[in-house]
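Please treat every number below as a calculation from the coordinates, not as lab data. As the structure is a computational prediction, the values presented were derived from the model and not from experiment. So basically every Cβ, Gly included, is an ideal-geometry build from the backbone, and we count neighbours across all protein chains shown.
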Amino acid sequence: MKATADPDTLSERDRYLEYYAADENNANILARLAELQLASGETEHAETLYRKLVELDPADAQYRFQLGNVCLALGRFAEAREINASLLQSGIDAPGIRYNLAYAALENGDIDTAIEQLEPIVANTAETPNANLLMAKAQHRRGNLEVATDHALRAVELHPEHPDTLGTLALLYLDDGDLTAAADWAEKALALDADNHQALVVLGSAALEEQDITAARAHLDQAVSRHPNSGRALHALGLISMNAGDMTGAIAQMEKSMQLMPNFLGGYNALAWAYILNQDLEQAGQCLRKANEIDGSFGETHGGLAVVAAMKGDIDNAMEEMRIARRLDPSSLTAAFAASLVAIQQDNSARGTDILKNILATEISLGREQNKISLLEVVNKSRNIK
């Protein structure tokens, strides 16, 4: 990595490189050189030195802690988690260790461990000033929007000029349905960082919900351009592609988003509809079954399975899935759509047409991560069902 430090730091680093060449096993030289390389942006070089320090003195907690920090910086979250967990288990209970363990656990998808480690330290704003922000993200992923928002507001009080903090709060307001507050905080975040990921996703998703496709695409394209692994932005772009009738593009975008967000219930339902419209009923069924593995109590998933069964001509399974969908959600739109298909299959086209008219007149909310959404508005705009 290219050095980014000031000239004095770089000069001292070069001097310590000479010391290191003359005495490669001197722990004091190794430790100072590792610090200088970190300050110079040479994280991978620092990692090599910290690994050597741990080999020289495995019992030194500070060397292990610093190696864990380097692993976090390099995105090696599993190893960072293991290092910090071992430090904690050995009796070294420090806020920084708990914070790093929580960070690594959250990046590895273990929300429970992240919250467990953060709870004792969120009030310790002196030693772990970012704990409230991380707790907000963890609680958000758990689906506890109110708790997450409280922690995000505390984080904003501590860091009012931190774009990631403002963007996180904006995202929470978006997912809670307050588009005005979401857009306001997103604009504040973008004023500090024009490429802030959360803010771009918020403005893009809010524009999508308001059916301003031009603005939505502009924000979301920028988000993906700057953050290629933005699952939320890719998912929203997939909805836009569906809206334009581009099922090939929608499937490609949504498939990638699901690789990044493998537990996103709404994402599997959206992808299933893209496959349905692309006449790939097998893939659609697979997506819906994956959705059921995440949460089998979502009526729209069962309604989607009813649609797939009806399109295959499997009326018995379609009726069974419709019954489940309506038991879970009496107003299930996908179940109503499936009923129209069954009616058409049974040569009762008049009843099928009536049901379709009711569906087309229904308002549907789109674009919020992890919310249980129907995609029929997008589907109906993508394909003229008669």
| field | Exposure proxy order (Cβ contacts within 10 Å, fewest to most) of Thr301, Thr125 | value | Thr125, Thr301
| remark: Final fewest-first order of Arg98, Arg76, Arg289 on the 10 Å Cβ neighbour count is Arg289, Arg76, Arg98
| query | So which aspartates and glutamates pass the test for Lys312, namely a Cα distance under 20 Å, with those fewer than 8 places away in the same chain ruled out? | reply | Asp280, Glu282, Glu300, Glu320, Glu321, Asp347
| message | With an 8 Å Cα cut-off and a minimum separation of 6 or more residues, compute the relative contact order for the chain in percent. | response | 7 percent
| For the range 24-31, what does the Karplus curve 6.51 cos²θ - 1.76 cosθ + 1.60, with θ = phi - 60°, yield as ³J(HN,Hα) per residue in whole Hz, taken in order and with x for Gly and Pro? | 6, 10, 7, 4, 5, 5, 4, 5
| 222 nm [θ] for the chain, helices only, -39500 (n - 2.57) per DSSP H run of 4+, per residue, to 500? | -23000 deg cm²/dmol
| Under Stokes-Einstein, with the Kirkwood radius over Cα pairs standing in for Rh, what whole-number D in µm²/s applies to the range 28-127 at 25 °C and 0.890 mPa s? | 178 µm²/s
| Reachable aspartates and glutamates from Lys188, Cα under 15 Å, same-chain residues fewer than 8 places away excluded? | Glu157, Glu161, Asp164
| said: Just to be sure I understand, if you calculate semi-axes √(5λ) of the Cα gyration tensor in Å for this structure, which of [x] 34, 26, 23; [y] 39, 27, 19; [z] 49, 21, 19 do you get? | reply: [z]
| task | On a C-alpha basis, how far is the centre of the range 45-114 from the centre of the range 167-220 in Å? Whole number, if you could? | result | 34 Å
| query | Which of the aspartates and glutamates could a cross-linker span from Lys52 if the Cα-Cα distance has to be under 15 Å and same-chain partners fewer than 8 positions apart are dropped? | reply | Asp23, Glu24, Glu35, Glu44, Asp60
